[in-house]
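Report on one structure; see the data block that follows.
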Amino acid sequence: MTEPSRARRFDLIAFDWDGTLYDSTQLIVRCIQNAVVDVGGARPSETDAAWVIGLGLAEALARAAPDVPREKYQALGARYRYHYLQHQDDVMLFDGVLGMLDALRARGHLLAVATGKSRRGLNEALGTVALRDRFDASRTADETFGKPHPRMLLELMDELDVPPERTLMIGDTTHDLQLAINAGCASVGVSYGAHAPDGFEPLSPLHVAHSVASLTEWLLANA
């Protein structure tokens, strides 16, 4: 006799992108550091550069480069994009991500992306054969607001007609977990991305996963 399938706790699972599904944290850190130096700012530490990942690009660069004057922000953003484009093909999805997404879709979950990336950058990634049609909706910081403002998650829930209590946000930063709180949703943190997980506890994630494999296991058992 087969075991009955477990009832879904969450209808919608929203994922952060960089550092959660996409192994790009170190690339982004280097690009932020190099862009700041290019416009005459002091090179931010790896910790400071990693902390701003997940925010909208303009806000992230401004926080990472407090000594760079506002009139140089446009040039700062241009230099970041320049460095990122040189190496965007060097990084890829974490091992196991595609299998996880397929397993969740097979259980009937709606899947979405809520990211600090630009719409252009996310579309380039989602346009690949491997990722085409795997997500039901997505929102980016440049078309809504940067994290932890709740707008991107609220818009996803509205578009897919899912209430907050049936929505789970997954991310690698405190910005992602605070976004979930601000939108009235539950969250799960992952420890393999940009932020050290010791900062997650005050934001009460349901779980902290230390690999994609353990994240998949937890989701299939609890989501």
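For residue 54, the stated conditions do not hold, so it cannot be described as assigned by TED's automatic domain parsing to the domain that holds residue 142 and either among the small types (Gly, Ala, Ser) or loosely packed, with under 15 Cβ neighbours inside 10 Å (or both).
Looking at the structure I just gave you, is residue 95 under 17 Å from the mean Cα position of the chain (by Cα) and farther than 19 Å from residue 24 by Cβ? Spelling it out, it is not the case that residue 95 is under 17 Å from the mean Cα position of the chain (by Cα) and farther than 19 Å from residue 24 by Cβ.
The rows are residues; the columns are (1) more than 24 Å from residue 217 (Cβ to Cβ); (2) among the charged types (D, E, K, R).
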residue: 128; (1), (2): yes, no
residue: 137; (1), (2): yes, no
residue: 142; (1), (2): yes, yes
residue: 154; (1), (2): yes, no
residue: 160; (1), (2): yes, no
residue: 169; (1), (2): no, no
residue: 174; (1), (2): no, no
residue: 178; (1), (2): yes, no
residue: 186; (1), (2): no, no
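Looking at 83, 87, which one is at pLDDT 85 or above and either among the aromatic types (Phe, Trp, Tyr) or farther than 24 Å from residue 152 by Cβ (or both)? Within the list 83, 87, the selection yields 83. Remark: residue 176 falls outside the filter, which requires a residue to be among the charged types (D, E, K, R), farther than 22 Å from residue 7 by Cβ and at pLDDT below 90.
Matching residues to (1) over 27 Å from residue 135 (Cβ atoms); (2) among the basic types (Lys, Arg); (3) touching a His at 6+ places or on another chain (Cβ under 8 Å); (4) part of a loop (DSSP other than H, G, I, E, B):
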| site | (1), (2), (3), (4) |
| --- | --- |
| 10 | no, no, yes, yes |
| 13 | no, no, yes, no |
| 27 | no, no, yes, no |
| 33 | yes, no, no, no |
| 36 | yes, no, no, no |
| 40 | yes, no, no, yes |
| 43 | yes, yes, no, yes |
| 48 | yes, no, no, no |
| 61 | no, no, no, no |
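Taking the conditions (1) surrounded by 15 or more Cβ atoms within 10 Å (Cβ to Cβ); (2) assigned by TED's automatic domain parsing to the domain that holds residue 168; (3) not in a strand (DSSP E or B) in turn, residue 81 satisfies each one other than (2). Residues that are touching a residue at least 60 places away in the same chain (Cβ under 8 Å) and part of a strand (DSSP E or B) were ranked within segment 100-150; the one that is surrounded by the most Cβ atoms within 10 Å (Cβ to Cβ) is 114.
Of 174, 115, all but one fail to be within 12 Å of the chain's Cα centre (by Cα), over 16 Å from residue 22 (Cα atoms) and β-branched (Val, Ile, Thr); the exception is 174.
This table checks each residue for (1) modelled with pLDDT under 95; (2) touching a helix residue (DSSP H, G or I) at 6+ places or on another chain (Cβ under 8 Å).
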position	(1), (2)
139	no, yes
161	no, no
197	yes, no
205	no, yes
217	no, no
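Where helices (runs of 4 or more DSSP H) fall entirely within segment 151-223, those with at least 1 residues that are touching a residue at least 40 places away in the same chain (Cβ under 8 Å) and either on the phi > 0 side of the Ramachandran plot or surrounded by fewer than 18 Cβ atoms within 10 Å (Cβ to Cβ) (or both) are at 151-160, 212-222.
The values are calculated or read from the model by the stated rules, or taken from the named source; none is laboratory data. What you see is a predicted model, and the numbers here were worked out from it, not measured in a lab. Positions of Cβ are generated from backbone atoms using ideal geometry, with glycine treated the same way; all protein chains shown enter the neighbour counts.
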